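Student: Okay, handing you the structure first.
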Amino acid sequence: MPFDLALDASQEAVADLFARFFATECPPDVVRASEPLGFSPTLWDRLTALGAPGIGAPEDTGGGGATMVDLALVAEAVGSSVAPVPIIEHMVAARAYPEPAIVDGTTLAAVALHPARDGTWAMVPGGAVVHVVIGLDGDDLVAVHADPPGVALPNHADAPVADRSTTGRRLVLGDITDFERILTEWKTLVAASLAGLARHALQLGTEYAKERIQFGRPIGGFQAVQHGLADCVPLVEGATLLSRKAAWAIDAGRHGELAWAENDVHDPAALATMAFSFASEAAALTTKRSLQYHGSYGFSREYDVQLYYRRARGWPLVLRSPASGQHLPTSSGRGVRPTWTSPSPTASRLRRGPCRHPRRDASGVRAGGARDGDQRVPSAVPRAR
Amino acid sequence: MDVRYPAEAEEFRAEVRAFLAEHLPEGWPGMGALDREEAEAFAITWRKTLHEHGFLGIAWPRKYGGGGRTKLEQVVLAEELARARVPFGRATDTTSVKIMGNTLLRWGSEEQKQHFLPRIISGEDIWVQGFSEPDAGSDLANLKLVAHREGDSWVLNGQKIWTSRAQEGNWIFVLARTDPEAPRHRGISFLLVPLDSPGVDVRPIRVLTGQDEFCEVFFTDVRIPAGNVLGGEHNGWMVAMSGLGVERGEEAAINPILFRAEFDRIVELAREHGVADDPVVRDRLAWCYTKVETMRFLGYRILTQYLRDGELGPVASISKLYWSEYHQVAVDLALAIMGADALVREGRHPFRHFRTDEPGAPNSSNSWIDVFLLNARSGTVYAGTSQVQRNIISETILGLPKEPRG
């Protein structure tokens, strides 16, 4: 056998453990309750009890010594539940900076994806709620300790994204090569989470298509719907496999192995870039199809598919440059060095106030406007289950 | 074949342009450039101005409060209003003036026309639409709202869903089952219900953007006079289908104007983000431009048929499939151009929740995000899903065998 795509027994155990954990601890109502900030402290505490935050840090630092493949399996489960916790960012940060409080999860940490500009890291995923940000400042990879703002940049994914200052208690951790390694790990795990997200979105669409009766039969019996969902299967499977391969490549440490002509690419940076790109597309198309087949219900907050639809688009966006789209790998495997500069944390964005519901204001109900408060409107509309 | 409008239409166009020049401020940027409060205030006063000049219900007979003009002039007016970046009325006028008004003209008794049409024009009556139900979306004929006769009344029980702006209306037109024994499409009546009737309950639905324009409407032993039926008992399906066709003619003329204005905003977006020279972006922009240009001609074909026949057949499905699928690709491009900026919500939200944002709207991320999440996303669902449109095209235009229904 040239290669074995199956998970071994311990990997199966990890996948199973976290799938059950998130299914129990993070049903969709937990996700809803966390909006708009996108952070559930209770869920974080439960993850801490499980030892998840430091799972990938070396054992001699108190961590779990888990491999990147294990972390990818955790990430898949995070995506399947669209869990409102910055656990992916934290797991990556804990590997780079295995300080005891980060390893045990009592201090939350995240990574800035773009180099600092004007003393600020823009759009840090998890930045609204973490105490430690690891990022590139000039030529140094640094870790900065500071109080989290507690509010997010208003965004349609209800993710705890925020700009963070480079000022605070600082520690130099390394250089740009170390940063690129961190970025590779983040992309890999987010790719895995997007694969998990897509997988669950496909399941939502499929279940709805089986239950929804129109024209005297389930709509899943119509070829148009069947084919639309079937298209998503290779995308979900492919995204899962590619992100696991990227994770494996990180564990194997085979940097620079880029025999493109022989399909023998093991360079982690190249694989992470491809996995991120592919999984983003897989998640975008799968959630789009699933939402379409829900008909008008896809737009209702009471249904779950819109939770996935918004995050499928939102999660990868923190990395996207304001350019034409993909971050394509070049023959060096390093990815195209972006010609754009980091998103600018403009003065107006830094002045932005707390993250309120985008439509809420003190005047309450307006014609066609949103209502004050987060009351969910009770409805007789039957829920697809 | 002549792609130009006839002379009398062009004369009227000049008249409309003069009216606009007189009633809009110098350098008017379009309603899209206003903030929400200004836009709402503007829409109300603008409607009055249109009304005073006979431009509201322009093709209705004068005796009912309309402008007494031709259908072609109605189309020309719609085009010029869109170009000038002003609305034809308030948001509820789509269901009130266009759908209800035109359905009344076609199917109403003289008494009904004389009573209701002037009140629609004046804005005293605001009509919203009650068609879809939880189990009757694509399969509208599966509707279950029942109305049974009790003496001089109909008594209604059941529910409607996805009624746009029910909070703003005072009347609702509904399709209800009035003959449960008849075949599905035949036992339906088009009924007229005051929204303040006892037993009517309006509940907004919160959608993924946070807004709540769409509502469920519940009917519990609601009584209406027996005369509140349009087009005759058990004839509701025919009445409703003709009403739905009415919008398509004008839409065909206006869509290319709206989508071209949106395209121009995407080009501006590319410039603002410094990617107007990127070959990939240019390629995608060129694709969009070509699609919008083609949309213009697909629209003219529908327009011609509408003006000639007053009816629209399956040709309407071609256009609807085309523009709704196009719109999603165009908005994806806008978001791709914005990159990380497309995640963070800033600036003014769209005023419209169907098709594009207003021409002249700023390129705020909120405008594009909400159009992405709602306007463009729902375009392939409402007024017949893309799946249904493809079925109509393949069965009715291509003549392919129908897939078995239930």
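Student: So in the stretch B:349-368, with the set limited to residues that are within 11 Å of chain A (Cβ to nearest Cβ) and touching a Pro at 6+ places or on another chain (Cβ under 8 Å), which one is nearest to residue B:270 (Cα to Cα)?
Tutor: If we take residues in the stretch B:349-368 being within 11 Å of chain A (Cβ to nearest Cβ) and touching a Pro at 6+ places or on another chain (Cβ under 8 Å), then B:366 is nearest to residue B:270 (Cα to Cα).
Student: Take the stretch B:117-146 and flag every residue that is without any contact (Cβ under 8 Å) to a residue 24 or more places away in the chain and part of a helix (DSSP H, G or I).
Tutor: Correct list: B:119 only.
Student: Go through the stretch A:290-303 residue by residue and tally those that are surrounded by fewer than 24 Cβ atoms within 10 Å (Cβ to Cβ) and away from chain B (no Cβ under 11 Å).
Tutor: So the count comes out to 0.
Student: Another question, then. How many residues does the stretch A:93-118 hold that are surrounded by fewer than 17 Cβ atoms within 10 Å (Cβ to Cβ) and modelled with pLDDT of 95 or more?
Tutor: 4
Student: Right, another one. In the stretch A:134-142, is there at least one residue being of a type in the set (A, V, I, L, M, F, W, C) and within 14 Å of another protein chain (Cβ to nearest Cβ)?
Tutor: no
Student: Could you tell me whether the stretch A:121-136 includes any residue that is closer than 16 Å to residue B:341 by Cα, crowded, with 21+ Cβ neighbours inside 10 Å and touching a Cys at 6+ places or on another chain (Cβ under 9 Å)?
Tutor: Within the stretch A:121-136 (the criterion being closer than 16 Å to residue B:341 by Cα, crowded, with 21+ Cβ neighbours inside 10 Å and touching a Cys at 6+ places or on another chain (Cβ under 9 Å)), the answer is no, since none of the residues qualifies.
Student: Let me ask something else. Need the failing condition index for residue B:320 against (1) touching a residue at least 40 places away in the same chain (Cβ under 8 Å); (2) of a type in the set (Lys, Arg); (3) in a helix (DSSP H, G or I); (4) over 29 Å from residue A:290 (Cβ atoms), just the number.
Tutor: (4)
Student: In the stretch B:11-46, which residue that is out of contact with any helix residue (DSSP H, G or I) (no Cβ under 7 Å at 6 or more places or on another chain) and in a loop (DSSP other than H, G, I, E, B) is nearest to the other protein chains (Cβ to nearest Cβ)?
Tutor: Filtering first and then ranking leaves B:35.
Student: OK, next. Given the criteria under 26 Å from residue B:383 (Cα atoms) and either modelled with pLDDT of 95 or more or of a type in the set (A, V, I, L, M, F, W, C) (or both), does residue B:121 qualify?
Tutor: Criteria met by residue B:121.
Student: Among (1) out of contact with any Lys or Arg (no Cβ under 6 Å at 6 or more places or on another chain); (2) touching a residue at least 12 places away in the same chain (Cβ under 8 Å), which single condition is residue A:133 missing?
Tutor: For residue A:133, the exception is condition (1).
Student: For residue A:8, all conditions in the list (1) modelled with pLDDT under 95; (2) of a type in the set (Asp, Glu); (3) buried (at least 24 other Cβ atoms within 10 Å of the Cβ) hold save one; what is the number of the exception?
Tutor: (3)
Student: When only residues in the stretch A:202-224 that are of a type in the set (A, V, I, L, M) and crowded, with 22+ Cβ neighbours inside 10 Å count, which is farthest from the chain's Cα centre (by Cα)?
Tutor: A:219
Student: For the stretch A:147-181, name all the residues that are in a strand (DSSP E or B) and more than 14 Å from chain B (Cβ to nearest Cβ).
Tutor: Selection gives A:164, A:165, A:169, A:170, A:171, A:172, A:173, A:174, A:175.
Student: Let me ask something additional. Mind listing just one residue for me: the one in the stretch B:369-391 that is part of a helix (DSSP H, G or I) and within 16 Å of residue A:214 (Cα to Cα) and, of those, nearest to the other protein chains (Cβ to nearest Cβ)?
Tutor: The selected residue is B:387.
Student: To continue, here is another question. Which number in (1) crowded, with 20+ Cβ neighbours inside 10 Å; (2) modelled with pLDDT under 95; (3) not acidic (Asp, Glu) marks the one condition that residue A:166 misses?
Tutor: Going through (1) crowded, with 20+ Cβ neighbours inside 10 Å; (2) modelled with pLDDT under 95; (3) not acidic (Asp, Glu) one by one, residue A:166 breaks only (2).
Student: Filter the stretch B:191-236 down to residues that are β-branched (Val, Ile, Thr) and within 14 Å of another protein chain (Cβ to nearest Cβ) and give me whichever is farthest from residue B:376 (Cα to Cα).
Tutor: Filtering first and then ranking leaves B:220.
Student: Could you list, in sequence order, all residues of the stretch B:328-363 that are assigned to a loop (DSSP other than H, G, I, E, B) and farther than 23 Å from residue B:289 by Cβ?
Tutor: Once the filter is applied, which keeps residues that are assigned to a loop (DSSP other than H, G, I, E, B) and farther than 23 Å from residue B:289 by Cβ, the stretch B:328-363 yields B:343, B:345, B:346, B:347, B:348, B:349, B:351, B:353.
Student: For the stretch B:209-231, state whether one or more residues are part of a helix (DSSP H, G or I), in contact (Cβ under 8 Å) with a residue 40 or more places away in the chain and crowded, with 20+ Cβ neighbours inside 10 Å.
Tutor: So far as the stretch B:209-231 goes, no, none of its residues is part of a helix (DSSP H, G or I), in contact (Cβ under 8 Å) with a residue 40 or more places away in the chain and crowded, with 20+ Cβ neighbours inside 10 Å.
Student: Follow-up. From A:51, A:38, grab the single residue that is surrounded by 16 or more Cβ atoms within 10 Å (Cβ to Cβ) and within 18 Å of residue A:93 (Cβ to Cβ).
Tutor: A:38
Student: Name the residues in the stretch A:28-77 that are free of Cβ contacts under 8 Å to residues at least 60 places away in the same chain, in contact with a helix residue (DSSP H, G or I) (Cβ under 7 Å, 6 or more places away or on another chain) and of a type in the set (Val, Ile, Thr), would you?
Tutor: A:30, A:55, A:61
Student: Out of the residues in the stretch B:151-182 meeting the condition of being under 22 Å from the mean Cα position of the chain (by Cα) and hydroxyl-bearing (Ser, Thr, Tyr), tell me which one is surrounded by the most Cβ atoms within 10 Å (Cβ to Cβ).
Tutor: Among those residues, the one meeting the criterion is B:163.
Student: With respect to residue B:250, determine if the residue is out of contact with any strand residue (DSSP E or B) (no Cβ under 9 Å at 6 or more places or on another chain), of a type outside the set (Phe, Trp, Tyr) and more than 14 Å from every other protein chain (Cβ to nearest Cβ).
Tutor: Judged against the criteria, residue B:250 is a match.
Student: So which residues in the stretch B:129-166 are aromatic (Phe, Trp, Tyr) and within 11 Å of chain A (Cβ to nearest Cβ)?
Tutor: Scanning the stretch B:129-166 gives a single hit, B:162.
Student: Taking the stated definitions as given, is residue A:248 of a type in the set (Phe, Trp, Tyr), more than 18 Å from the chain's Cα centre (by Cα) and under 23 Å from residue A:194 (Cβ atoms)?
Tutor: So residue A:248 passes the test.
Student: A further question on this structure: Within the stretch A:207-223, take every residue that is in contact (Cβ under 8 Å) with a residue 40 or more places away in the chain and either charged (D, E, K, R) or away from chain B (no Cβ under 14 Å) (or both) and give me the one that is nearest to residue B:144 (Cα to Cα).
Tutor: A:212
Student: Could you check residue B:330 against (1) over 18 Å from the mean Cα position of the chain (by Cα); (2) under 29 Å from residue B:277 (Cα atoms); (3) touching a residue at least 12 places away in the same chain (Cβ under 8 Å); (4) within 14 Å of chain A (Cβ to nearest Cβ) and say which number it fails?
Tutor: So residue B:330 meets the others, but not (4).
The values are calculated or read from the model by the stated rules, or taken from the named source; none is laboratory data. Computed from a predicted model, the values in this text were never measured in an experiment. In this analysis, Cβ positions are derived from the backbone assuming ideal geometry, glycine residues included, and neighbour counts consider all displayed protein chains.
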